[in-house]
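Everything below concerns the one structure shown next.
The values are calculated or read from the model by the stated rules, or taken from the named source; none is laboratory data. Because the structure is predicted, anything quoted here is derived from the model rather than measured. Quick reminder, even Gly has a Cβ in these numbers, built from the backbone with ideal geometry, and neighbours come from all protein chains shown.
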Amino acid sequence: MKIKSPQDFWAGLMFIVFGLFFLIVARDYQMGTAVRMGPGYFPTVLGGILAVLGAVVLLTSFTMSGPKVPKLSFKPIFFISLGLILFGYLLKPIGFVLSVVVLVFVAAFGGHEFKLKEVAILAVILVIFSVLVFVKGLTLPFPLWPAFLD
Amino acid sequence: MDMSLFSNLALGFGVALTPINLMYCLIGVLLGTLIGVLPGIGPVATIAMLLPITFSLSPITALIMLAGIYYGAQYGGSTSAILVNLPGESSSVVTCLDGYQMARQGRAGPALATAAIGSFFAGCVATVIVAMFAPPLAEVALKFGPSEYFSLMVLGLVAAVVLAHGSVVKAVAMVILGLLLGLVGTDVNSGVLRFAFGVAELADGIGFVTVAMGVFGTAEIITNLELKDKREVFTSKVTNLFPSKDDFKRIWKPILRGTALGSMLGILPGGGALLSSFGAYTLEKKISVNGHMFGKGAIEGVAAPEAANNAGAQTSFIPLLTLGIPSNAVMALMIGAMMIQGIAPGPQVMTEKPQLFWGMIASMWVGNLMLVVLNLPMIGLWIKLLTVPYRILYPSILVFMAIGVFSLSNNPFDVLQMMLFGLLGYVFVKLACEPAPLLLGFILGPLMEENLRRAMLLSRGDPWVFFQKPISAGFLIASILLLVILALPALRKKREEAFQEG
């Protein structure tokens, strides 16, 4: 059999995987009865429905033709994700100011062009603005500088 | 009833006109306009971003500001639709068709003014409609039991499916996936920790702010970065703002019709600004004497959808305020905002917290007035903003999102979650699965399970209870009808055409 609609094929597969995942994990929880539903009842039913719907989507992908899956662009995915993780896990150790700078620079690598001067100016402006608004203004409890400087 | 309407509105204005609420209303509508103008960031991501900040505000102030963002975005969205042919907001998609053509003919000014006037008129009418219809609806809703609530949520979710682009089966699957994700965390009935896999942070469930920001914010940025930045702004062309006498003659009827249709479509579960603007444009094209001019710069084609989307944005608060049921993704976030503030959304809000209820309604009118007064003079500033390249914009948006999510609980895990949901959201985009139904399901998941359990307990396990109670049966029959109609080939084609038009 030939896949006529790749988008639906992969979407169907994704739904099946999610459905089975919830269905299988929910086996560890008590089902209960229809009168007194246990923690496993609702997720089991929903997981089953999701898997069935996924199968329907998957099967139609063999009969009805549809668009291809557009190409994934890994550059923005990588740099945006990396920037966010670094920001999150560096904020406490190196402080708010530096982690904003890190996020701006890493994220900027994900774009079409990287102009060092422009990014540097943007980072400075964003640091000043967010320190004033979020740390001073809204008094969010962020350390401004690395722990060893305080 | 009639007299109490006035005393209620007086109470509301008393709340809305306090200096602090006026200030946050202004901040809300300005922010809303700003993100409405800028393509690539919508009200969902913005409200999600600002939720953590509203912790420190009083509930009414927080809700006034967040509501302002939603209807403010409807004003802003039209500006970029007319000047750049880019819908800053999805509900402005149809405004591009005629608004941009008007701008190319050197009539950007009247187009912008028409959008603002139409929106303001619709906003005023919708405020009155909310004030009139919310109390009787809330009264009915007070009598709802668990089976009615469950069936109502089913209807709301089905309606969300109707509105999604593309395949119906996929949209239903997204709703179910959302429901399942909503179940992660501690089960309130049994205390059992579900789907947490030993991660302590998941005990309270997946934060809906992180889901919303990931799926609507991060994913959107990654998608935008794939496209080349190409915009054409008509900066020099905005002169002579005011519409001519002839223009006024042409727009007043479309504005009236747009307002009426938008108000009705906004109330429907699953409705809101988007459906309203599409509906109004299609209707106007059919019945206007200038129907043949549509798509070539007909001013009616700007007036009707702009009035409709603002009316719809506001009346979509009715199901939220009276039933506690969100009709679209933005309303789902408003529910989240209420819960953060310790308010259980539902019909009791009106009787228990009349200041909150009426204050919010009154603030909508105040906000609309601010928008129309401020926006026309500020158009120059918004145009300048449109010339800011995306490579400057997206790191800024990302920084604000990261700060907002981190401040939820001062935990890097939330940022990680947002990133993961961003990746998932990106996959959804690539596989043509719409995320809005997922978010609705996510919010409603625990509520639905709770009401299902209660209803089944009361009926001793008889599932027919949902069809034996008349109101509940009505909701379910309506849901089934909607799904059947959707599955009919003729209507399916119509629906696809309607989405194609945008």
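Identification of helices (runs of 4 or more DSSP H) wholly contained in the range B:215-311 with 2 or more residues that are within 14 Å of chain A (Cβ to nearest Cβ) and modelled with pLDDT of 85 or more yields B:219-226. Quick check on A:Val25: is it within 26 Å of B:Pro463 (Cα to Cα), within 8 Å of chain B (Cβ to nearest Cβ) and exposed (fewer than 14 other Cβ atoms within 10 Å of the Cβ)? Criteria not met by A:Val25. Looking only at the range B:395-421, count how many residues are more than 7 Å from chain A (Cβ to nearest Cβ) and part of a helix (DSSP H, G or I). The qualifying residues number 12. For the range B:181-198, the criterion of a residue being within 26 Å of the chain's Cα centre (by Cα), assigned to a helix (DSSP H, G or I), under 18 Å from A:Val17 (Cβ atoms) and not hydroxyl-bearing (Ser, Thr, Tyr) is satisfied by at least one position.
For residues that are of a type in the set (S, T, N, Q) and buried (at least 24 other Cβ atoms within 10 Å of the Cβ), scanning just the range B:22-60, find the one that is nearest to B:Leu408 (Cα to Cα). Restricting to residues being of a type in the set (S, T, N, Q) and buried (at least 24 other Cβ atoms within 10 Å of the Cβ), the top hit is B:Thr46.
Of all residues in the range A:95-150, those being more than 7 Å from every other protein chain (Cβ to nearest Cβ) and assigned to a helix (DSSP H, G or I) number 29. Restricted to the range A:59-81, and to residues there that are farther than 17 Å from B:Gly425 by Cβ and part of a helix (DSSP H, G or I), the residue that is nearest to the chain's Cα centre (by Cα) is A:Lys75. Starting from residues that are at pLDDT 80 or above, among the hydroxyl-bearing types (Ser, Thr, Tyr) and within 20 Å of the chain's Cα centre (by Cα), keep the ones in the range B:319-363 and report whichever is surrounded by the fewest Cβ atoms within 10 Å (Cβ to Cβ). Per the criteria, the residue is B:Thr322. Taking first residues from the range B:6-27 that are in contact (Cβ under 8 Å) with a residue 12 or more places away in the chain and partners that are outside any helix (DSSP H, G or I), the Cβ contacts under 8 Å between residues at least 6 apart in sequence or on separate chains come to B:Tyr24/B:Leu57. Selection of first residues in the range B:463-484 that are surrounded by 15 or more Cβ atoms within 10 Å (Cβ to Cβ) and of second residues that are charged (D, E, K, R), restricted to Cβ pairs under 7 Å at least 6 apart or on distinct chains, gives the following pairs, ordered by first then second residue: B:Lys469/B:Glu148; B:Ile471/B:Glu148; B:Ser472/B:Glu148. Residues that are in contact (Cβ under 8 Å) with a residue 24 or more places away in the chain, more than 8 Å from chain B (Cβ to nearest Cβ), buried (at least 19 other Cβ atoms within 10 Å of the Cβ) and small (Gly, Ala, Ser) occur at least once in the range A:60-74. Look at the range A:105-131: where a residue is at negative phi and in contact (Cβ under 8 Å) with a residue 60 or more places away in the chain, no partner that is of a type in the set (A, V, I, L, M) and exposed (fewer than 12 other Cβ atoms within 10 Å of the Cβ) sits 6+ places away or on another chain with Cβ atoms under 9 Å.
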